[in-house]
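Worksheet: one structure, shown below.
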Amino acid sequence: MARRKKIYEGKAKILYEGPEPGTLVQYFKDDATAFNAQKKATIEGKGVLNNRLSEFFMSGLNAIGVPTHFIRRINMREQLIRQVEIIPLEVVVRNFAAGSLSKRLGIPEGQALPRPIVEFYYKDDALGDPLVSEEHIIAFGWATQQDLDDMVALALRVNDFLSGVMMGVGIRLVDFKIEIGRIWENDYPRLVVADEISPDSCRLWDIKTGEKLDKDVFRRDLGNLAEAYTEVARRLGVLPSNVTHATKPTLIN
Ligand code: TMP
């Protein structure tokens with residue numbers, strides 16, 4: 001295959017120049033990292049699963065009118081996306097307490113929150129992606145007030161969609177992180193969901209057993225990450241047929 005121009009390499013994905021102006025190819029690696037890359041591993045098949053799962057969530061969002069960067073899946077590990085200007089914020093939505101919220105505020109993991117809580121973290125690995133307020137975001141020019149309003153609205157629509165989809169397969173969406181990008185259409189900016197939506201960036205708990213089916217399995221050494229992701233893909237009906245480690249299908253009732 002002809003060599004392609006690499007635009008950016010992150011911890012879990014690589015972006016290559018796309019076939020047309022304004023497009024990129026997003027390649028999903030098997031690498032897993034946690035705690036700002038202090039913990040690293042290669043998990044065979046993770047990239048294939050996340051490519052499929054992100055395709056599933058992003059194309060579902062596109063179909064209900066929530067704009068995303070996703071155009072189409074190209075192959076097992078790659079998808080065609082629109083090139084966007086990434087807003088340097090991680091947008092986290094929480095429905096139940098877990099992770100850093102539980103740690104910071106002393107709220108037990110699993111406690112239902114009175115309403116979905118939207119948080120912003122400044123994307124800066126050297127600083128460890130610190131939690132920031134809207135005041136910081138406006139003052140330092142990372143986004144405008146209009147962007148912030150649009151980002152919260154977008155994040156809450158994603159939350160409703162993902163919560164419903166996951167509930168349909170017996171999984172609780174505890175929280176998730178999205179990234180948002182800006183595209184320009186006839187000189188007007190429009191915000192779209194970018195990056196990926198996968199068990200790498202969500203907390204997903206089995207509704208009946210509480211079993212964790214997301215990257216916390218890796219972060220907290222709870223078992224086999226690829227098996228957990230395979231279970232999510234299997235329940236959603238998007239299991240790629242040739243992932244070798246796929247667990248035997250089991251009935252859910
Ligand atoms: P947190 O509880 O560690 O702040 O994580 C909140 C959500 O964001 C959780 O679903 C995991 C996701 N997340 C990422 O996708 N990337 C990150 O770097 C971090 C820290 C969290």
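The values are calculated or read from the model by the stated rules, or taken from the named source; none is laboratory data. All values reported here derive from a predicted model rather than from experimental measurement. Using ideal geometry, Cβ is built from the backbone for each residue, glycine included, and neighbour counts are taken over all protein chains shown. SASA here: full protein model, heavy atoms, side chains in, ligands and nucleic acids out. Shrake-Rupley method; radii C 1.70, N 1.55, O 1.52, S 1.80 Å.
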Spans of strands (runs of 3 or more DSSP E) in the range 151-222 with at least 2 residues basic (K, R) and at pLDDT 95 or above: 171-185
Can you work out which of the residues in the range 180-232 that are among the aliphatic types (A, V, I, L, M) and away from the ligand (no atom under 16 Å from the Cβ) is surrounded by the fewest Cβ atoms within 10 Å (Cβ to Cβ)? I207
Among (1) surrounded by fewer than 12 Cβ atoms within 10 Å (Cβ to Cβ); (2) of a type in the set (F, W, Y); (3) in contact (Cβ under 8 Å) with a residue 60 or more places away in the chain, where does F28 come up short? (1)
Flag if R104 is surrounded by fewer than 18 Cβ atoms within 10 Å (Cβ to Cβ) and over 24 Å from V66 (Cβ atoms): yes
Among the residues of the range 125-141, are any touching a residue at least 60 places away in the same chain (Cβ under 8 Å) and within 26 Å of I64 (Cα to Cα)? no
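Kindly indicate which of V118, V165, V91 is away from the ligand (no atom under 12 Å from the Cβ), open to solvent by less than 80 Å² (accessible area, probe 1.4 Å) and farther than 22 Å from R220 by Cα. Walk me through it before giving the result.
Numbers: V118 fails: away from the ligand (no atom under 12 Å from the Cβ); V91 fails: away from the ligand (no atom under 12 Å from the Cβ).
Being away from the ligand (no atom under 12 Å from the Cβ), open to solvent by less than 80 Å² (accessible area, probe 1.4 Å) and farther than 22 Å from R220 by Cα holds for just one of V118, V165, V91, which is V165.
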Somewhere in the range 79-86, is a residue open to solvent by 10 Å² or more (accessible area, probe 1.4 Å), part of a loop (DSSP other than H, G, I, E, B) and under 24 Å from L173 (Cα atoms)? no
Within the range 121-141, track down each residue that is more than 21 Å from L156 (Cβ to Cβ), of a type outside the set (D, E) and within 14 Å of the ligand (Cβ to nearest atom). A126, L127, G128, P130
